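Undergrad: A single structure is presented below for examination.
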Amino acid sequence: MLDKIEDKLESTIFKSRWLLAPFYLGLILSIILLFVKFVQELWHLTIHVFTASESDVIIGILALVDMSLVGSLLLMIIFSGYEIFVSKIDVGDHEDRPDWMGKVDFSGLKLKVIGAIVAISAIDLLKAFMNLPAELTPEQSNLIFWKVAIHMTFVVSGLIFALMDKIAGDTVKH
């Protein structure tokens, strides 16, 4: 009797992983929304390229790079998260299958996510520096300080994650 209850409970818990699938579908929709903003920014940059300053063009390009990094991050989370927590993605030996697909574990995904966040934060910081006026108001100085502090927090967090991953990998498993 207890064995049947235990089997049913374990089966229900195992099947509950499929509750995550709608989350990944939502992330696919978010890539589509991001693509719309990317096209909008690209169009805006294209029609103003001859009248915009060099720094405005660079900032526009950095915005496009920023969005492409976020899109790549989302795709990595969708693929890896689905394969880690829900089910293997069976595309056979499709020639376009990314080499990393199916090989990124939770620890690797965590490091890739923090690495992408650091890169996105660095681009945002670079955009902020490129927009600095000749003389900063106290509010602008405060904003730049907090952007640098937040970026450094991401960098330090990434280093700590990498260190913890290295320590966990070096630990002898019994």
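Undergrad: Charges at C-beta only: +1 for Lys and Arg, -1 for Asp and Glu. How large is the resulting dipole of the stretch 16-109 about its Cα centre, in Debye rounded to 20?
TA: 340
Undergrad: Moving on. With an 8 Å cut-off on Cα pairs and a minimum separation of 6 or more residues, tell me the relative contact order of the stretch 2-170 in percent.
TA: Reported relative contact order: 23 percent.
Undergrad: Pairs to check: K15/K112; K37/K147; K4/K112; K15/K147. Give those whose C-alpha atoms are more than 32 Å from each other in this structure.
TA: Long pairs (Cα-Cα over 32 Å): K4/K112; K15/K147.
Undergrad: Can you tell me the FRET efficiency between L29 and M101 if r is taken as the Cβ-Cβ distance and R0 is 22 Å, rounded to the nearest 0.05?
TA: Approximately 0.60, to the nearest 0.05.
Undergrad: Lys and Arg at +1, Asp and Glu at -1: add these up for the other residues within a Cβ distance under 15 Å of L9 and post the number.
TA: Charge balance near L9 sits at 0.
Undergrad: Loop sites only, by DSSP: take the chymotrypsin sites (Phe, Trp or Tyr not before Pro) in the chain that have at most 15 other C-beta atoms within 10 Å and name the longest stretch containing none of them.
TA: No qualifying site falls inside 101-174, the longest such stretch.
Undergrad: Another question, if that's okay. Given T46, I117, H94, which one lies farthest toward the positive end of the charge dipole of the stretch 1-128, if we put +1 on the Cβ of every Lys and Arg and -1 on the Cβ of every Asp and Glu?
TA: The residue sitting most towards the positive pole is I117.
Undergrad: Okay, moving on. Using only helices, what value at 222 nm comes out for the chain when you add -39,500 (n - 2.57) per DSSP H run of length 4 or more and divide by the total residues, to the nearest 500 deg cm²/dmol?
TA: Here the helix-only value at 222 nm equals -27000 deg cm²/dmol.
Undergrad: Ranked by Cβ crowding within 10 angstrom, fewest neighbours first, how are E95, E54, E41 ordered?
TA: Sorted ascending by nearby Cβ count, the order is E95, E54, E41.
Undergrad: Have a look at the stretch 25-174 and give its Rg and Dmax from the Cα atoms, expressed in angstrom.
TA: When restricted to the Cα atoms of the stretch 25-174, Rg and Dmax are 19.3, 66 Å.
Undergrad: Hydropathy at least 0.0 by Kyte-Doolittle, axial extent at least 24 angstrom from the Cα trace: which helices of the chain, defined as entire DSSP H runs, fit?
TA: Helices meeting the span and hydropathy rule in the chain are 21-48, 54-85, 106-130, 138-170.
FYI, it's all coordinate maths here, none of it is from the lab. As the structure is a computational prediction, the values presented were derived from the model and not from experiment. Positions of Cβ are backbone-derived with ideal geometry, glycine not excepted, and every protein chain shown enters the neighbour counts.
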